[in-house]
Each structure stands twice: as structure tokens, then as C-alpha cells.
1. How many residues does the stretch 119-173 contain that are in a strand (DSSP E or B) and not β-branched (Val, Ile, Thr)?
2. From the list Thr143, Thr202, pick out the single residue that is modelled with pLDDT of 95 or more and either in contact with a helix residue (DSSP H, G or I) (Cβ under 9 Å, 6 or more places away or on another chain) or closer than 25 Å to Cys410 by Cα (or both).
3. Return the residues of the stretch 408-426 that are of a type outside the set (Gly, Ala, Ser) and in contact with a Ser or Thr (Cβ under 9 Å, 6 or more places away or on another chain); say none if nothing qualifies.
4. Being at positive phi and outside the structural domain of Pro103 (by TED's automatic domain parsing): is that true of Gly209 here?
5. Which residue out of Val400, Val451 is surrounded by 24 or more Cβ atoms within 10 Å (Cβ to Cβ) and closer than 25 Å to Ile527 by Cα?
6. Name every residue in the stretch 321-355 that is of a type outside the set (A, V, I, L, M), under 12 Å from Met380 (Cα atoms) and either part of a helix (DSSP H, G or I) or in contact (Cβ under 8 Å) with a residue 60 or more places away in the chain (or both), in order of residue number.
7. Go through (1) closer than 22 Å to Tyr214 by Cα; (2) in contact with a Pro (Cβ under 9 Å, 6 or more places away or on another chain); (3) part of a loop (DSSP other than H, G, I, E, B) for Ile440 and report which single condition fails.
Amino acid sequence: MKIIRQFILVLALAGSTLPLGSKVFIKANADNSNDYSIHQGCVFDVDVVNDNGGFDHKGCYSDFNSAKNAMNSLGQDAVIRNSASKSPTKIIAMMSGMVITNPYRDNGRELSYYYMNQDFSGSSTYSRQYAQAQYHDTAWYDTSNGGGAVSMTMNGFDGYVKMAECDLVPIKYYTNHLAITLGGNNPEDPEYTLYPEMDHYTVSTGSYGNKEMYFYSYWGWSNSAASNWQTYAYPDRTGVVLPAGDWMSEGTTYYSANGYDFYTDQAMTLYAGTYYNYYQFLPLRTNSNLTADDLQNFLNQSGYAGNSVMSGNAQAFIDAQNNYGVNALIVYAMALHESGYGTSNLARTRANLFGWNAVDSNPNLASSYSSIYTAVSTQMGKNLNGYLDVDDGRHFGMAVGNKGNGFNVCYASDQFWGINIASLAYQIDRASGFKDLNKITLGVVNSDSSVYFTKNAYDDIKWYDIKNAGGVKYGNYFPRAYLVPVLGEENNSYKTQTSDHLTNGRLTRASSSNMQYYDFDSNVAYIKKKWLQLLSNGSPASNDNVDPTPAPTPTPSTEPTAEPTTEPTAEPTSEPTTEPTSEPTTSPETTPEPSETPENEVEDMSNASYKYRSGVGAVSYDEISHVVTMTGLGYFDGAAAYNHSVTQQMKLVNAESEDVTNLSTQTTDYQGIMEELFAGYVAVGYQTEIDLDDIKPGNYILELETVNGSHNS
């Protein structure tokens, strides 16, 4: 297949990124004339990134360790390059920077995998392509094929990614806003040039008068160009609102590789403090103080209530919380996020608010429920049990969390799924007058070696620990930022809730096939005080701004000399869905049963899985009429090849008021471009016009609705 090089922009349809599985259509807009060739005669070329984004040669080395020693002596901008690298820059190691994943190099795979061990074994997680991770080290490298293991932190998950499936971007390209060329080595993903942007948080006083932090993320690529309207990288998310820490300074920009350790520089060397935002790391084994009326009132204020199947059903979440011991506020926010405020096709036709079993390979496998009440009860009483069961490979913590802790590790490929849900929970609680914020005392487990829980405060017999069961064969992965609710203290121990259920005083593995009740009073455990750090409004009570010790980097006794020839044995346990959402700042993900694993894209169009693909192809502006004209694609992969009755409707959504305006949209033929991709695609394009004279100043989201027979996204 040939990528559409004419595409200059990809918009965040339905308030977020392209659906998972969509190819990223992008044109290399940034100007980059640097020569990336390796110094003649070098095996390992040690260089320093110069002010133009090129490389100043410093030395040649025949072995990797010698090259690393030389690089370490040259400062923050030093790199090592080798001709076998799959990356255009040939960078295989660097002193500081970010990893941008590129799984397309592995037979067109569209998910990036991260592993506990450098031989790609043990507990694991995954994300979308082009995700950013903080670089730590290159553990090993193979000059014969460009393989190797890169040590990194992917939004809280400390582990390794395959060298061949990523690009290394030195920190200078971020700090100096320099163009760099990435991609390549796959016909579906040719090289492209960008000005990289780093995920960050900003702090300011919100409209409610309270200090808030706003999260901005970038999807590893940009459409930056010299023209004024393309100056900045196109963001994946803009201004996702969360509560800020007490110590955070208004007007300051913070950077974090895990969402709780914050720095004031992009290299993440100037530590500012640690802060766990309440809703993202709140254990779900807690009670919310919000009422059904509070939940319904937020839905009413959102403007979606009239079209939402969640309207009038808020009591289902409160009842399920009381029966099954799962926080109603967080699960309500999860439902809003996964179902587009209860307006998605799955929500309307199957009462499926959570995308359960809508796997990417076949979204039609999505579960159906007899009512919204049944769907909510099943989610809270059965489906989430696997994530709360300490013996289940999906258990990394009790919160929605991030990629190193909580449900986000295995529930969704979107590495910021937990942040999205936390933001919605914060907004709901804020609208209710903050009935929940910081009302529960929380503690974070601060050890990854001997920590365990006991049945009572008077013995030292291990009852259970919290190391992930998914990596037991290769050594257990300790979930980072594992928070527990603190109910009291007794005999130098803290009393807390169990994640699992108890039956007659014994820990019972949560069943994924039966509804299980949870009693808050009896389901308790104890942990030694020395293993738990109490939090005060989200920050360690004794936060003295000492840089946290980096997570240990596991190393085998014998360093491998080549990339393993077999595929990893511990793939992630869930697969993302393509079900869309109308929520302004988030994107839907998946919750299949644990036996599901992601599949490669089907190339035979007769067996295509009808993945939704969409994007903007061209944008023009008439300075006389003030009309913006946009053309692009919106279609279902496979379905469009055999049925040309596709219609599209572009909508303009005011990000503040959420008022929706249907734009004049017509379906068009895209024969010239589409013939480069798949034979048979014709009426899959659209054209829409926006008269700026009719639009009030403000921030807007463009949503594209595509209908093809029974397929609607």
C-alpha cells in the first residue's frame, strides 16, 4: 500500500485522535536539509547534536561499550549512531531524549508493546503507535540487523521496547524546536519530518477559583510548517483539566514521564515535586459521596442528556457501588468516556456503555445488555473483577491509573485513558461542590521488594502481595504508584481495603463469570506503616523535593548479543475497540475478556474488519468570502470497498458550551488518491465548508460522522 502523501493534517475526530487501526496520513512539512550519513569507516559513530539539528562527529568506535563511554563524556546532546539502524537518523543511543514508537516496521503492526525485561519477556503493556516515552538507556544492540532493547518509561511503565520499532529523539530537538526526520523502513510509513513537541502540564486558576493543571499531549508527529496557521505541532489532547497539587506554581509548565513525578525542564532533571491527582489514582474500592442527582445534573449540563441512554439511569451506578464495592463516580466517568456520554452506537443499540468485548478485530462482538441498569451492574459486579483480582494478570492496581499502574495497563491502548477518565470525574465532582476531592486518606506503597499485606495487625504472615501475576514466569513486575485507602492504624500497621473479595475471612479470587458482592466493612487487610507513604492532598506528607530514586532497570546475568529470534511470550491481555466517543477531550478504548490479544491488520479486503478510518486531506481559505473549505476521507475499511453508499456529516462543536452546528457536507469521489490504496474505493471522501463570519470566537472541535449501511461512527 502507498500512503497518501497529499495529506497535510489529521484532526482529532470525536474530540480525540484517529481511531486505533487508522493509518496516519501525513505530509512532511518541516524543512530539514541535514545529512544523516554515518561518518566514513565508523561502526559506532559518536556525535553531538548541533544547533541546526545535524550531527558534529566526535569519534569512531568498534564496540558498543566503548562508544557508550565516549558518549557519556560529551554531555546531554551526545548520541551514538550505527548504519544498521531502522531510523532515518541512525541514532541507537543518546544521553537524554524521548522515544517515539513505530510498530509499523514490524509487518505493519499498529500497537506498540513494552516489556518488563530486556529480552522482551515478563509483564507487559501496550499503546498506540507514535506514542512518546522517556528514554533511559540502550541495554543492548545488534549491528547485524539494527535490533536491540531500549530502556524507557511509557507513562509510568518502566521497561523495554524493541529498538527496531522506535525512533530516538534527542532532547535538543525539543528544547531548541529543531526539525528531525523519522519513520521509514515500511511502505505504509515513509519518512516524515517534524518539529517534535513534548507532553506537558500547565497550572493556572480555573473558572471556579481553584488551582487546576491542564494536560497537553502530542501524538509523536506534527504538521509544523513555516506558514502561520501551521506553526505548532498538532496536539493529541489540549487542556485536559485536573486538580493541581498544593505546591504547584501558577503559570508554571511541568513535565512528567509517569503523571506523578513532575519536573520543570524537558530533560526531566529539575525535580519539582510528587503529586498523585486524586481521581486518576483513587482506588476503586472506595465509596463516592455523590448522589444520583449529582451525576444526572452533570449530564444535563453537558448538553448530551437529551440524546443519552445514560439519562435517568444514574441511580444504577449508586446501587452497583453499594452492592459490588466499586466507586460510582469513577465508573460513571468511565461510561461517559467510553460511550460518548451515552450517545454512541453501542450504547444506543446494545446498552453497552463500556465498549466491552468490542475488540478491534471485530467490534460486532461487543456485548449486549437488556438494560442500562444491567450493563452497569455487570461492569461493576463482574467485568472489572479481573482488574481488581491480585492473582489476575490484568491487576496492576485499584485505580484507573496509567501505563504502570491500575486498569490503564491492560484496559486500553490509549496511554492517557486514565487521565481522560480522571478529568471527567474531576469535572463531575467540581460541579457537585467537591463532595469527593481528598475526602479519603490515601497512601502509596513505597517498596517493591518485601511489601505484603496481612490478615490482621498482630502477625507478620504474608496474606497476599501486589506484584503482577502476568510476569510470574520471568520475575514479577511491581506496579508503580500503587495506592490504597487508609481506614485507620493499629499496632504499627495501616488498615486498608482488600482489592479482592473475602469469603469467610479468606481471600477469594474474583470470578469474571459471576456477580460478586463486596462488603466494605469486612473486606479489609493490613500493611506495615514502613511500607506505606501517606499523602496529603495528593502529595507525600513529607515531600521535601528530593528527586525520587529511578525505578531499577533489570538486567540479566548474561547480556544478550543479538535480538531474540522469538516473539515475546507475554503479550498484553486486551485489545482496543474502534467504538467512537463524542466526549470532547477523550478517545474510546477497549475492554475485551483477558484471552483476547491484538491482531495485525487484515490485508485481504474480503475479510476486512470494517475499521473506521478518517482524516482531513486539504484545507483552503478564501480571504474574500472568509470560507474555509475542507476535504478528507471517512469510511469503513472493507465495507466501503463493496458498498459505495457512504455518507458523511461534519459537525462543529463549541468546546465550552458544547453547542453543535451541522456543517454543509457532501460526499465526494476520491478516485485519484484511493486507487493508490485499495481498488474499488470511490465515494468515501467528503467536502465541507465553514463560514467564519457565522462562527463566534472560541475553541471548537470538529466531529465527523460517517454512515455506511449498519456501520456508524
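The values are calculated or read from the model by the stated rules, or taken from the named source; none is laboratory data. Here the structure is a predicted model, which means the values were calculated and not measured. Note that we place each Cβ from the backbone using ideal geometry, even for glycine, and neighbour counts take in every protein chain shown.
1. Filtering the stretch 119-173 for residues in a strand (DSSP E or B) gives 124-128, 132-142, 147-154, 157-162, 166-170.
Of the ones still in play, those that are also not β-branched (Val, Ile, Thr) are 124, 126-128, 132-137, 139-142, 147-149, 151-152, 154, 157-160, 162, 166-168, 170.
Going through the stretch 119-173 one residue at a time, the tally reaches 29.
2. Values: Thr202 fails: either in contact with a helix residue (DSSP H, G or I) (Cβ under 9 Å, 6 or more places away or on another chain) or closer than 25 Å to Cys410 by Cα (or both).
Being modelled with pLDDT of 95 or more and either in contact with a helix residue (DSSP H, G or I) (Cβ under 9 Å, 6 or more places away or on another chain) or closer than 25 Å to Cys410 by Cα (or both) holds for just one of Thr143, Thr202, which is Thr143.
3. Once the filter is applied, which keeps residues that are of a type outside the set (Gly, Ala, Ser) and in contact with a Ser or Thr (Cβ under 9 Å, 6 or more places away or on another chain), the stretch 408-426 yields Asn408, Val409, Cys410, Tyr411, Asp414, Gln415, Phe416, Trp417, Ile419, Asn420, Ile421, Leu424.
4. On the way: at positive phi: yes; outside the structural domain of Pro103 (by TED's automatic domain parsing): yes.
It is true that Gly209 is at positive phi and outside the structural domain of Pro103 (by TED's automatic domain parsing).
5. Working: Val451 fails: surrounded by 24 or more Cβ atoms within 10 Å (Cβ to Cβ).
Result of the check over Val400, Val451: Val400.
6. Filtering the stretch 321-355 down to residues of a type outside the set (A, V, I, L, M) leaves 321-325, 327, 332, 337-345, 348-350, 352, 354-355.
Now drop any that are not under 12 Å from Met380 (Cα atoms), which leaves 321-325, 327, 332, 354.
Result: Gln321, Asn322, Asn323, Tyr324, Gly325, Tyr332, Phe354.
7. Answer for Ile440: the failing condition is (1).
One line per residue, one yes/no per condition, for (1) at pLDDT 65 or above; (2) of a type outside the set (Gly, Ala, Ser); (3) surrounded by 14 or more Cβ atoms within 10 Å (Cβ to Cβ):
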| residue | (1), (2), (3) |
| --- | --- |
| Asp637 | no, yes, yes |
| Tyr670 | no, yes, yes |
| Tyr686 | yes, yes, yes |
| Asp694 | yes, yes, no |
| Pro697 | yes, yes, no |
